[in-house]
1. Can you go through THR175, THR197, THR190, THR231 and tell me which one is in the same structural domain as TRP102 (by TED's automatic domain parsing), within 26 Å of ALA132 (Cα to Cα) and without any contact (Cβ under 8 Å) to a residue 40 or more places away in the chain?
2. Select from segment 44-67 the residues that are in a loop (DSSP other than H, G, I, E, B) and farther than 15 Å from MET126 by Cα and list them in ascending order.
3. Tell me whether segment 90-102 contains one or more residues that are closer than 30 Å to GLU245 by Cα, over 15 Å from the mean Cα position of the chain (by Cα), part of a helix (DSSP H, G or I) and among the aromatic types (Phe, Trp, Tyr).
4. Of the conditions (1) loosely packed, with under 13 Cβ neighbours inside 10 Å; (2) touching a residue at least 12 places away in the same chain (Cβ under 8 Å), ALA183 clears all except one; give me its number.
5. Considering only residues that are farther than 24 Å from GLY220 by Cα and among the aromatic types (Phe, Trp, Tyr), look in segment 48-94 and name the one that is surrounded by the most Cβ atoms within 10 Å (Cβ to Cβ).
6. From the list VAL223, VAL246, exactly one residue is at pLDDT 95 or above, closer than 19 Å to THR91 by Cβ, more than 17 Å from the chain's Cα centre (by Cα) and of a type in the set (A, V, I, L, M). Which is it?
7. Looking at (1) modelled with pLDDT of 95 or more; (2) of a type outside the set (D, E, K, R); (3) surrounded by 14 or more Cβ atoms within 10 Å (Cβ to Cβ), which is the one condition that is false for PRO214?
Amino acid sequence: MLFYSFNLNRMLINSLSSSPEINIDKDMKLTKHWISPLIRLFFPHYCVVCGGRLREEEEVLCAECWQRFPCTNFQMLKDNPVERLFWGKFTLGRATAFCYYWQEDDYSRIVRLLKYDGRPDVGISMGKKMAAELWSSGFFEGIDMLIPVPLHEKRQKERGYNQSEQLALGVKEITGIPLKTDAVVRVRNTETQTHKTAQERFENMQKVFQRAVPIELLQGKHVLLIDDVLTTSATLTACADALQEVPDLTISILALAMAGH
Ligand SMILES: [Zn+2]
């Protein structure tokens, strides 16, 4: 139901924008003020955690579930557990994960919907929410560009989108920081990391990513790598390794969730 409701919304907006009489940019108020509430009336949205019906202004989670949301608040901690994962691996600016991830927890549905159930809208909503929460801590100060951890082309075709890019789109909407999706490419499609030890994960991630833009474009910059779930530092370190030749580059890390804690 959730998926159909989201697609119907898109289809209606797309059909309106292709109509010669209606300019969707000019008439965004039209969709905001009566089409969306109308769609909500017939295809209500539900909280992904408790299943309760969402109010018009709510996205993904209801207010009650946001109150119990398992925030890490690591951005308030100096030398926080995410930063420690990357110490000594590259020039680290800041690092944090927005929330904790426990596999059996109701909140793990957020990640499952985003990664496996075709809900890119969940990524954009969570990206907006984490950016809004982190904003006042100064987490985004001095960051020049957002780089979502890329998927291999084949994996992205299968899924239809890159979940980290959806998170980054939400972050961009709140912070206004430019998004760069072609700075790094994933050249190897690795097998799943789920049942591997930390050492095996690092070995599995060797030379998985490659820089795909000229050094000059990144030299002296501060980039924010964005990922969905942080388990070990293997994926993000491999992604940062692809940028190791770039002089004066500072890398910060933002993950939606930190697993296994
Ligand atoms: Zn709820």
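The values are calculated or read from the model by the stated rules, or taken from the named source; none is laboratory data. Since the model is a prediction, treat every value here as computed from it, not as a measurement. We place every Cβ from the backbone using ideal geometry, glycine too, and count neighbours over all the protein chains shown.
1. Working: THR175 fails: without any contact (Cβ under 8 Å) to a residue 40 or more places away in the chain; THR197 fails: within 26 Å of ALA132 (Cα to Cα); THR190 fails: within 26 Å of ALA132 (Cα to Cα).
Selected residue: THR231, the only one of THR175, THR197, THR190, THR231 that is in the same structural domain as TRP102 (by TED's automatic domain parsing), within 26 Å of ALA132 (Cα to Cα) and without any contact (Cβ under 8 Å) to a residue 40 or more places away in the chain.
2. Within segment 44-67, the first condition is being in a loop (DSSP other than H, G, I, E, B), and the residues that meet it are 44-45, 47-52, 54-62.
Matches in segment 44-67: PRO44, HIS45, CYS50, GLY51, GLY52, LEU54, ARG55, GLU56.
3. First pass over segment 90-102, keeping only residues closer than 30 Å to GLU245 by Cα: 90-98.
This time we only want the ones that are over 15 Å from the mean Cα position of the chain (by Cα), so: 90-94.
Filter once more, keeping what is part of a helix (DSSP H, G or I): none.
No.
4. (1)
5. PHE74
6. Values: VAL223 fails: more than 17 Å from the chain's Cα centre (by Cα).
Among VAL223, VAL246, only VAL246 is at pLDDT 95 or above, closer than 19 Å to THR91 by Cβ, more than 17 Å from the chain's Cα centre (by Cα) and of a type in the set (A, V, I, L, M).
7. Condition not satisfied by PRO214: (3).
Let's see how each residue does on (1) touching a Ser or Thr at 6+ places or on another chain (Cβ under 6 Å); (2) within 14 Å of the ligand (Cβ to nearest atom):
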site	(1), (2)
ARG53	no, yes
GLU56	no, no
VAL60	yes, yes
CYS65	no, yes
LEU77	no, no
ASN80	no, no
GLU83	no, no
GLY88	no, no
